[in-house]
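What follows draws every value from the coordinates through simple rules; no lab data is involved. None of the values given here were measured: they were computed from a predicted structure. As a convention, Cβ positions derive from the backbone with ideal geometry for all residues, glycine included, and neighbour counts pool all protein chains shown.
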Amino acid sequence: MLLVNFPYHIVLASKSPRRQELLKGLGIDFEIRTKEVEEVYPSDLKREEVALFLSELKSTAFEKEIKANELVITSDTIVCLENQILGKPAGVDEAKAMLHQLSGKKHEVITAVTLLSKEKKHSFFVSTSVYFKELTPEEVDYYVTNYHPFDKAGSYGIQEWIGYTGIKKIEGSYFNVVGLPVHQLYEELLKF
C-alpha cells in the first residue's frame, strides 16, 4: 500500500457506511469522528460550489480541535437534475417524486471532498453523469418501499436494486455516485 508511511492519522467525518466501506477499500487505517452540521448554503452558488461549500462547512467544525498529526476527511454528495439540486427526501412521497423526476433522464452526481490538517485545507470535486431508463410507477414503489432511500441524495443508491435495474449507463466514476471518489481521493492524499 503506497500510503503506508503517510504522516497523518486519518479521521473520516462521515456516518455513511458507504463512505466508510470505500475508504476501507483503499487499505487505509482511519477512525470515524462526526459532528452535526446544519447543511445550509447560499442560494446563489452553482452546483459544484454547493458541494464544495458543504464539504468545507463540515470540515470547519473540526478546525479548533484538530491535532498536529491528524487529517480530517469530509465530503458531500449532491444530485443535480439540470439546475435543480435534489437533496435527501423528507419521506416516501418526496422519494417517489424525485425518482419520477429522474426517470428517463440524465443527471449529475457531484461529490466534493475536503482534506483538513492543522497546516492546510484542500478541497476538490468529481462529477459523474448518470442515465436512468424510464422507470415504471411499480418499480419506483417497489424500490422506495423495500430500500427506504431517505438518507440518500436524489432518493437512490446506485449500489442497490434501482442501480441494477434502472440505470442504463454512467459517464465517470461509479464510486463517486456511491458517495466517495476514491480514485481521486487516493491521488490527492499522495500529494497532500
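Here the label points at T136 and N69, each 7 Å from Cα along the C-beta direction, are separated by 5.8 nm in the simple model. Ranked for footprinting exposure by Cβ neighbours inside 10 Å, fewest first, Y8, Y186 give Y186, Y8. Note on K106/K35: beta-carbon distance plugged into 1/(1 + (r/R0)^6) with R0 of 35 Å gives a FRET efficiency of 0.50.
What angle do you read, to the nearest 10 degrees and between 0 and 90, between the alpha-carbon axis of helix 182-191 and the longest principal axis of the chain? Its long axis makes an angle of about 20 degrees.
Distance between the 7 Å Cα→Cβ label points at E160 and D93: 2.0 nm.
Only sites in a loop by DSSP and with at most 16 other Cβ atoms within 10 Å count here; which chymotrypsin sites (Phe, Trp or Tyr not before Pro) in the range 50-154 make the cut? Within the range 50-154, the qualifying chymotrypsin sites (Phe, Trp or Tyr not before Pro) (loop, at most 16 other Cβ atoms within 10 Å) are F150. Dividing the summed -39500 (n - 2.57) terms of all DSSP H runs of n ≥ 4 by the residue count of the chain sets its mean residue ellipticity at 222 nm at -10000 deg cm²/dmol. Descending by average beta-carbon neighbour count within 10 Å, the peptides 93-104, 41-52 line up as 93-104, 41-52, the highest first. Computed from the C-beta positions of E187 and K24, the FRET efficiency with R₀ = 22 Å rounds to 0.75. Neighbour counts of C-beta atoms inside 10 Å place E70, E31 in the sequence E31, E70, starting with the fewest. Helix 137-147 against the longest principal axis of the chain: what's the angle in degrees, Cα atoms only, rounded to the nearest 10? Compared with the principal axis, the helix lies near 40 degrees. Relative contact order, whole percent, for the range 1-137 stands at 24, derived from Cα pairs under 8 Å and 6 or more residues apart. For the pair K121 and D151, label points projected 7 Å from Cα toward Cβ lie 2.6 nm apart. Working from Cα pairs under 8 Å separated by at least six residues, relative contact order for the range 87-126 is 26 percent. Convex hull of alpha carbon positions in the chain: directionally averaged projected area 10.8 nm². Among the listed pairs K64/K96; K24/K88; K120/K168; K15/K64, a Cα-Cα separation exceeding 30 Å is found for K64/K96; K120/K168. Estimated from the Cβ-Cβ distance and a Förster radius of 25 angstrom, the FRET efficiency linking K169 and L45 is about 0.30.
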